[in-house]
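Peer 1: Submitted below is the structure of interest, expressed as structure tokens.
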Amino acid sequence: MVREFSLKTERQNFYNITGRVAEAVAQSGIRDGAVMIYCPHTTAGITINENADPDVVRDILYGLDKAYPDRAEFRHYEGNSSAHLKASAMGSSQYVIVEEGKLLLGTWQGIYFCEFDGPRNRKFYVKSIKSGL
């Protein structure tokens, strides 16, 4: 079963979606397997990282801005080439193991929707996959 979620973003930022993913897993009834989280946008992505200290998100965004700054040489007419580069570097999906109906994340890990071109109305998909073993 695929679940679609909507998200309104305000600006470049990471949005913690761990609870929504856990909700989708619980509703799926999957006890053991995996879950895929997918972003269908070219200027946004999905990542897993620390969710305890908000400065980690700030630091990642700062680092991405340094690595992929806006440049006058970019030719994309929308003017958001750096957002496309950041989204490509981050990736559009993540997998998480599901064990005994729960996401198998590390103590400090959270799942994030990464907005690089907001504000936008976004969506992401969650697919629970039952273990075949």
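The values are calculated or read from the model by the stated rules, or taken from the named source; none is laboratory data. Source: prediction; values computed, not measured. Counting neighbours? That spans all protein chains shown, and the Cβs are built from the backbone with ideal geometry, glycine included.
Peer 1: PHE5 - would you say it is part of a strand (DSSP E or B), aromatic (Phe, Trp, Tyr) and crowded, with 18+ Cβ neighbours inside 10 Å?
Peer 2: No, not satisfied.
Peer 1: Assess whether ALA24 counts as being at pLDDT below 95, buried (at least 18 other Cβ atoms within 10 Å of the Cβ) and not in a loop (DSSP other than H, G, I, E, B).
Peer 2: no
Peer 1: Select from segment 74-109 the residues that are at pLDDT 90 or above and of a type in the set (Lys, Arg) and write down the one among them that is farthest from the chain's Cα centre (by Cα).
Peer 2: Residue satisfying both the conditions and the ranking: LYS102.
A quick yes/no check of all residues on (1) in contact with a strand residue (DSSP E or B) (Cβ under 7 Å, 6 or more places away or on another chain); (2) under 20 Å from TYR125 (Cα atoms); (3) polar (S, T, N, Q):
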{"site": "GLU4", "(1), (2), (3)": "yes, yes, no"}
{"site": "LEU7", "(1), (2), (3)": "yes, yes, no"}
{"site": "ALA44", "(1), (2), (3)": "yes, yes, no"}
{"site": "ASN51", "(1), (2), (3)": "yes, no, yes"}
{"site": "TYR62", "(1), (2), (3)": "no, no, no"}
{"site": "ASN80", "(1), (2), (3)": "no, no, yes"}
{"site": "ILE97", "(1), (2), (3)": "yes, yes, no"}
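Peer 1: Could you tell me whether segment 47-64 includes any residue that is farther than 21 Å from THR9 by Cβ and among the hydrophobic types (A, V, I, L, M, F, W, C)?
Peer 2: yes
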